[in-house]
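Student: Structure provided below as structure tokens; questions to follow.
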Amino acid sequence: MRLALYPWSKSIKGSIERIAELASGDGIRIDVCKEAPKWSKYDGAILNNDFRPLPVPRVTYLTGLAVRRALAKPSYTKGRLKLGDHRGVLTNSNTAVLALKKKGIKAMCLYRPYPVHIERKPPPLPKEHRILWYWKPGWAYCESLDQDILKAMLQVARSNIEIWVISNKHAPVEGLPKHANIRALGRCDFSSILPQVRGMVRLTGDFDWGRSNFDVVCSGRWTLNLNAWEFEAPDGLFSVPGPGGVHRCNMLSARTIAEAVKLVVPLVRQGHDIDVIHGYASSRFREEKVRANWQKQLKKRFS
């Protein structure tokens, strides 16, 4: 089976290359196409954040801001799905699946984590009441949330909880509240930093489901996001109210930034069952598991 991964976009270069890496093998060849290829050579296509009709069967893989665009014009989106041989919408988050379903657009969550570090057993929680906080100024996903996020960060710090602020930038971020419990790290090595913390706060706008969430749960730590319903499992550690009623998840979600503060402080102090979260991640996010799931789903749609 030969599939084209198209169209190319520099802004999601890493995502595109990761999909190709996961999906290739076991009889599947993936070509990353920077230009429209000769379609007669292909059995189908994986479209990146795109619904255009093609002369071959296609699926669409939606991420982040593209999910917002699809939801903003649901009639247009549904109309494009009816053109040609479209075989399904895949997304990088369960939250997107729930939102698309509400608009009458059927989708499936197919996580696309980067390779993660998973020990046989999770590292024990540190005695220190310390967490990571993922944030950077001017982030598109935060939009107008920055001042409220920084106020919340200060509230948590004043509750005698240490906060290490991380981002995907190498240099430590600037503009943080001045408090002895708040420290800017910048980009970090998760394998060395996660044993020193109890969880991670990542308060951003809708459909931001980044790679750090996967790294954190793979060490048995919780991640707290805004309006996100991910890592669902019947035996999930947390009961999270959401659009489908109460969701059992191995992460936490808050409806507002103020609610997030009320959740994180007692959680840090009380601790949590690291084995449940680590067991969930270990059974799903090891490289061979993720790769097998991608290949299974593509064969199901294109064979």
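The values are calculated or read from the model by the stated rules, or taken from the named source; none is laboratory data. These figures come from a predicted structure and were not determined experimentally. Glycine gets a Cβ as well: all are built from the backbone with ideal geometry, and neighbour counts include every protein chain shown.
Student: Out of all the residues in the stretch 202-209, is one or more β-branched (Val, Ile, Thr) and modelled with pLDDT under 90?
Tutor: yes
Student: If you scan the stretch 238-291, which residues turn out to be touching a residue at least 40 places away in the same chain (Cβ under 8 Å), at negative phi and assigned to a loop (DSSP other than H, G, I, E, B)?
Tutor: Of everything in the stretch 238-291, those that are touching a residue at least 40 places away in the same chain (Cβ under 8 Å), at negative phi and assigned to a loop (DSSP other than H, G, I, E, B) turn out to be Pro243, Gly244, His272, Phe285, Arg286.
Student: Tell me whether the stretch 225-239 contains one or more residues that are modelled with pLDDT of 95 or more, under 22 Å from Glu128 (Cβ atoms), aromatic (Phe, Trp, Tyr) and buried (at least 17 other Cβ atoms within 10 Å of the Cβ).
Tutor: no
Student: Oh, and also: Starting from the stretch 115-127, take each residue that is free of Cβ contacts under 8 Å to residues at least 24 places away in the same chain and list its partners that are outside any loop (DSSP other than H, G, I, E, B), counting only C-beta distances under 9 angstrom and pairs at least six apart or across chains.
Tutor: Final answer for the pair search is Arg120/Ser282.
Student: For the stretch 141-167, name all the residues that are within 20 Å of the chain's Cα centre (by Cα) and either more than 17 Å from Gly205 (Cβ to Cβ) or touching a residue at least 40 places away in the same chain (Cβ under 8 Å) (or both).
Tutor: Passing the criteria: Tyr141, Cys142, Glu143, Leu145, Ile149, Val165, Ile166.
Student: Out of everything in the stretch 260-303 that is farther than 21 Å from Tyr111 by Cβ and in contact with a helix residue (DSSP H, G or I) (Cβ under 9 Å, 6 or more places away or on another chain), what residue ends up being surrounded by the most Cβ atoms within 10 Å (Cβ to Cβ)?
Tutor: Looking at residues that are farther than 21 Å from Tyr111 by Cβ and in contact with a helix residue (DSSP H, G or I) (Cβ under 9 Å, 6 or more places away or on another chain), I get Val264.
Student: Moving on to the next point. Scan the strands (runs of 3 or more DSSP E) fully inside the stretch 143-237 and keep the ones with 1 or more residues being touching an Asp or Glu at 6+ places or on another chain (Cβ under 7 Å).
Tutor: Those strands (runs of 3 or more DSSP E) span 162-166.
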